[in-house]
1. Quick one: which residues, 5+ away or cross-chain, put their amide H under 5 Å from the amide H of Tyr145? H built at 1.01 Å from N.
2. By the gyration tensor of its Cα atoms, with a ≥ b ≥ c the square roots of the eigenvalues, what is the shape of the chain: rounded for a/c under 1.5, prolate for a/b over b/c, or oblate?
3. Over the chain, what is the relative contact order in whole percent, taking alpha-carbon pairs under 8 Å and six or more residues apart?
4. Can you work out ³J(HN,Hα) from phi for every residue in the range 7-12, in order, using Karplus 6.51 cos²θ - 1.76 cosθ + 1.60 and θ = phi - 60°, giving whole Hz and x for Gly and Pro?
5. Karplus couplings for the range 279-296 from phi (6.51 cos²θ - 1.76 cosθ + 1.60, θ = phi - 60°), rounded to Hz, Gly and Pro as x?
6. Which residue, Ile156, Ser104, Ile301, has the largest displacement toward the positive end of the dipole of the chain when charges sit on each Cβ (Lys, Arg +1; Asp, Glu -1)?
7. Please work out whether the range 47-99 counts as rounded, prolate or oblate from its C-alpha gyration tensor, where a ≥ b ≥ c are the square roots of the eigenvalues and a/c under 1.5 means rounded, while otherwise a/b larger than b/c means prolate and anything else oblate?
8. Residues in the range 3-31, backbone N under 18 Å from the label point at Arg95 (7 Å along the Cα-to-beta-carbon vector): list them, ranges by number please.
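No value in this document is a laboratory result; all are computed from the given coordinates. Here the structure is a predicted model, which is why all the values come from computation and not from measurement. Every residue, glycine as well, gets a Cβ built from its backbone with ideal geometry; the counts of neighbours run over all protein chains shown.
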Amino acid sequence: MNIGDEYKVSIEKLSNLGLGIARIDGIVVFVENACVGDEVKIKITQKKKAFANAIIVDIINPSQHRIEPFCPMQKVCGACQLQFIDYDYQLQIKREIVKDTLHSIGGIDIDIPFPIASPEIKEYRCKVQYPIGQTKVSKKILAGYYKQKSHEIVNIKYCPIQPRICDDIINFIREKAFELGVSGYNEKKHIGDLRHVVIRHSKATNKNLVVLVVNAKKSFKKVEDLANSIYSQFKDVCGVCLNFNPQKTNLILTENSQLIIGKDFVKERILDKTFRIGTNSFFQVNPKSAENIFAYVRNYIKSEFENPTLLDAYAGVTTFGIVLSDVCKKVVSVEECKEAVNIAEDLCKLNEIDNIELHNMDSEKFFEKDLKTKKRKFDVAVIDPPRKGATEKTLEYLLALTKNKIIYVSCNPATLARDLKYLMSRGAKIEIIQPFDMFCHTYHVENVAVIDVKDVNK
Ligand SMILES: C[S@@+](CC[C@H](N)C(=O)[O-])C[C@H]1O[C@@H](n2cnc3c(N)ncnc32)[C@H](O)[C@@H]1O
């Protein structure tokens, strides 16, 4: 097999990165933009020892699950890889991805229920982060997502997975920035004023917080004028902030922000609680689907425990702790981002909650310290780590701290499988793994795993 060779293949399944899998003489070939059941002619684009990559050159017989994507940019934009597959089948694929990943990485064979669908499959995405650039000659502002596997900006004027108001705000910024002489960022040369536009949208209030990420250490007139003009143009923009990011880095936001006008947060409602989302703090991008997860965990805890003590680790603004506070005796929350902990403090006051103890610390360090100094144990622990999952040391401390159940909320099946394998090697038993669709039309899938740790030798 060589680069450029063409083959006719059938797509057997999708990989955990959403690529079609075919086999040629026993070699696995990952095919872009393919659906299970497709019969296609492919061209090899890369050949490694154990696998190859390919693109489709002709669809001979399309899978019955192929549909016309509702976004005209789907083929060029890298964001919604699965939008050409009908939604029910996307969920079926995600179920298979979870099952295969748990098996191959964790050695876990457990019945995986059908994923719980997102209540909305369009306009669901409430955090928008567009990189900003500009055209070479006319210097017009470009704003959009990166093209698949590149840092070339696709200038997106309409994105059906985000609320319409976000398109309107970004279209306005394109025009106004150009008019005011605010330049777009050039990543290679590390020059230009505006690097990113971030919008935090609230489903509950329809209000928007706009963050202009600038390649500077402090504010300057042109961007302040831009911020003020956005605020006066849109009644549903409740605030505009600048975020200062002069570093040569892929990181979008720094911790250094300044409010220019209005408020530096939007309010969101989850179950019957009020939340505040700030410039930099984590909040679920699909609040309606997230609400299903919070309700699921709440119902589980209500049915299994009476007034438990709860540990909420990797807590963000303590979303789990807050929605569970009234079914718990006490909640202890741990989060490393200071802004999120400050917001959590305000949220406890706002929601009149007085049984949450907040800690601004790294989870591993906090667990170690708590074990040494407090000698307390929690009936149940909810952990919701970032994509890289938890370290073995963290899991070990967690086992020592938890009496009954760990509820592991994960946005990455691969690290979930690895961490579950470790917990099982220590005697923990997996009770449930329930997938949820938070990121419709992408290969991403969220899971809630309930783990029984009563019999672990601690
Ligand atoms: C997936 S988010 C979950 C947030 C929250 N549970 C929610 O649903 O809104 C992960 C959170 O973990 C925090 N985090 C990442 N690494 C951490 C660590 N080592 N210790 C404590 N918090 C951490 C991040 O700042 C982020 O807020």
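1. Excluding prolines and chain starts, which carry no amide H, the hits are Val154, Ile156.
2. In terms of gyration-tensor shape, oblate.
3. Values: 1022 pairs, mean separation 54.1, N = 458.
RCO, the chain: 12 percent.
4. With the stated coefficients, the range 7-12 comes to 9, 9, 9, 10, 8, 7 Hz.
5. 4, 10, 7, 5, 8, 3, 6, 10, x, 5, 6, 4, 4, 4, 5, 4, 5, 4
6. Ile156
7. Verdict is oblate for the range 47-99.
8. The answer is 13-16, whose backbone nitrogens lie closer than 18 Å to the label point.
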